[in-house]
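A short write-up of the structure that comes next.
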Amino acid sequence: MNIFAEYIKYRLKAKGRHGIHSPFVYDFVDQCLRIPLTEELKSKRKSIYQAYRQNQQPIQVKDFGAGSKKLGHTRKINSIFKNSSSKGIYADLLFRITAHYPISTVLELGTSLGVGTLHMQLGNKNAEITTLEACPETRRIALENSLKQIPQVTSELTTFDDYLSKHTPKAFDFIFVDGHHDGTALLNYLSILDAWSHDETIFILDDIRWSDGMWEAWNQIVKNSKYHLTMDLFRMGIVMKRTHQEKEHFTIKI
Ligand SMILES: C[S@@+](CC[C@H](N)C(=O)[O-])C[C@H]1O[C@@H](n2cnc3c(N)ncnc32)[C@H](O)[C@@H]1O
């Protein structure tokens with residue numbers, strides 16, 4: 001995957017609100033993507049980002065992302081923050097989505113340091129967020145920092161597979177899939193998550209261009225007749241069933 005060439009292709013295709021005829025997608029671009037960030041979000045994340053950036057403490061990390069391989073190694077917290085946490089326009093997007101849509105329940109696959117979780121929580125403070133993380137030390141740091149004293153967030157120490165197979169499915173309004181970036185795994189999670197979603201559930205899939213495998217999986221999802229709305233936002237993809245509408249795909253400028 002040549003990410004630079006991919007970005008050029010994306011930019012040439014990507015649309016702003018002009019030329020979008022779908023009312024739902026027009027509203028997404030015209031309203032949701034323009035929601036101003038609150039002062040509370042700006043100040044909380046400033047202090048959290050600063051704390052993580054300055055933290056050189058090494059922790060023991062269990063990596064569950066690469067197939068079934070469980071690699072134990074140490075990583076500094078500032079390096080985990082730099083490489084794994086949602087930031088910039090994509091973190092803003094998480095905030096904006098929970099702020100704009102009627103979302104009362106969120107499922108996040110992959111907590112890491114809780115940065116994405118914090119954005120979703122501040123977007124809608126009444127939403128009940130369940131976030132899954134299999135690495136105990138990474139989760140501990142999230143709970144001591146970004147997710148400290150936030151009762152609306154339930155953090156589960158679990159692999160995605162264990163959680164999804166051992167609990168009775170309930171439909172979430174928003175599902176953020178941000179861990180185990182492997183195309184086959186992504187397709188598998190999405191198929192399992194069908195039982196955990198309703199017709200208007202918003203799925204955000206992170207790192208759709210992470211690898212050739214992830215990109216192939218994304219293209220299969222776009223073609224899948226089950227999903228009537230898909231939006232390519234370059235790094236992230238949005239997927240919704242919305243079976244009451246015509247099947248449509250958009251490349252959106254974010
Ligand atoms: C990219 S990070 C998540 C970033 C976070 N969502 C954010 O927005 O800041 C991915 C996390 O998923 C966890 N993870 C990956 N595969 C997993 C699995 N199969 N089960 C549980 N956790 C997993 C990793 O340990 C890592 O902390």
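The residue that is nearest to the chain's Cα centre (by Cα), among those in the range 199-223 that are part of a loop (DSSP other than H, G, I, E, B) and surrounded by 16 or more Cβ atoms within 10 Å (Cβ to Cβ), is D206. Per the listing S86, S79, the residue uniquely surrounded by 12 or more Cβ atoms within 10 Å (Cβ to Cβ) and not in a helix (DSSP H, G or I) is S86. At least 2 residues being near the ligand (Cβ under 7 Å from one of its atoms) is the threshold, and among the helices (runs of 4 or more DSSP H) wholly inside the range 107-187 those reaching it are 115-123, 160-166. A single entry from I35, I97, I103 fulfils the requirement of being within 14 Å of the ligand (Cβ to nearest atom), among the aliphatic types (A, V, I, L, M) and surrounded by 12 or more Cβ atoms within 10 Å (Cβ to Cβ): I97. Only residues that are of a type outside the set (S, T, N, Q) and surrounded by 12 or more Cβ atoms within 10 Å (Cβ to Cβ) were counted across the range 17-30, and they come to 9.
Going by what's in this entry, would K62 be described as modelled with pLDDT under 95 and part of a loop (DSSP other than H, G, I, E, B)? Here the answer is no, as K62 does not meet what is asked.
Checked against (1) within 14 Å of the ligand (Cβ to nearest atom); (2) modelled with pLDDT of 95 or more; (3) of a type outside the set (A, V, I, L, M, F, W, C); (4) not in a helix (DSSP H, G or I), S68 passes all but condition (2).
The values are calculated or read from the model by the stated rules, or taken from the named source; none is laboratory data. As the structure is a prediction and not an experimental result, all values here were calculated from the model. Because the Cβ atoms are built from the backbone with ideal geometry, glycine has one as well, and the counts that use them run over all protein chains shown.
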